[in-house]
Amino acid sequence: MFKILIIGGCLMFSFSSFAAEVTTLKADGIHDASGAGFSKLQEPKEALSDFPRRTDGTINWVKALDQKLISPRSNKVGDGKMTSVNLDLILKNTGSMPYVLFSHKVHTQILTCSNCHVEIFLPKQGSNFINMNNIMAGEQCGVCHGAVAFGVQNCAECHSVPSKKGALR
């Protein structure tokens with residue numbers, strides 16, 4: 001399945017694990033194939049074929065940024081400035097799982113603060129009860145993760161900080 005999302009004026013895509021399943025522009029339910037400019041559009045499979053991938057088949061947006069394959073914009077017209085925020089949070093409400101390291105720096109290199117704050121997360125420590133049920137339902141982190149960013153299949157992607165509570169389930 002192919003998904004599209006505009007984040008901070010940056011068009012972002014996600015593929016399922018198998019490139020053969022990528023939806024064409026004509027079949028994606030977004031584009032009007034009868035429109036005058038439709039023939040000028042590049043198919044996503046072709047446009048993103050050389051982008052770096054994660055092991056689950058999704059695009060590794062951090063590597064794409066490092067390789068200068070993408071240039072995120074702070075708004076649709078590109079007249080704003082991206083501001084990277086170097087603030088790591090350790091989320092400890094993880095049950096028996098290792099803690100989660102949330103890197104604002106990684107996220108704000110691609111997204112603006114307003115993509116998440118205040119509609120998805122309140123910008124105040126302790127004011128957001130994040131849980132896996134919500135994430136897997138496409139809420140909280142799941143607005144992007146599992147849609148346009150890596151999914152939740154590999155727990156250690158997020159649950160990377162050892163805790164005194166025990167080993168990974």
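The values are calculated or read from the model by the stated rules, or taken from the named source; none is laboratory data. Values in this document were obtained by computation on a predicted structure and should not be read as measured data. Neighbour counts are summed over all protein chains in view; Cβ atoms, including those assigned to glycine, are modelled from backbone coordinates with ideal geometry.
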Give me the residue from region 124-168 that is among the aliphatic types (A, V, I, L, M) and touching a Pro at 6+ places or on another chain (Cβ under 7 Å) and, out of that set, surrounded by the most Cβ atoms within 10 Å (Cβ to Cβ).
V161
Pairing a residue in region 61-81 that is farther than 13 Å from L111 by Cβ with any residue that is among the polar types (S, T, N, Q) and assigned to a loop (DSSP other than H, G, I, E, B), where Cβ atoms lie under 8 Å and the two sit 6 or more apart in sequence or on different chains, gives K81/S74
For region 48-83, which residues satisfy the criterion of being part of a helix (DSSP H, G or I), small (G, A, S) and loosely packed, with under 13 Cβ neighbours inside 10 Å?
none
Only one of (1) at pLDDT 95 or above; (2) in contact with a Phe, Trp or Tyr (Cβ under 6 Å, 6 or more places away or on another chain) does not apply to R54, and that is (1)
For region 30-46, indicate whether the set of residues that are on the phi > 0 side of the Ramachandran plot and either loosely packed, with under 14 Cβ neighbours inside 10 Å or without any contact (Cβ under 8 Å) to a residue 60 or more places away in the chain (or both) is non-empty.
no
Selection count where residues are touching a Phe, Trp or Tyr at 6+ places or on another chain (Cβ under 8 Å) and of a type in the set (A, V, I, L, M, F, W, C), scope region 118-129:
0
Some residue of region 125-142 being under 13 Å from the mean Cα position of the chain (by Cα), assigned to a strand (DSSP E or B) and among the small types (G, A, S)
no
Mind listing just one residue for me: the one in region 97-124 that is part of a strand (DSSP E or B) and of a type outside the set (F, W, Y) and, of those, farthest from S84 (Cα to Cα)?
V100
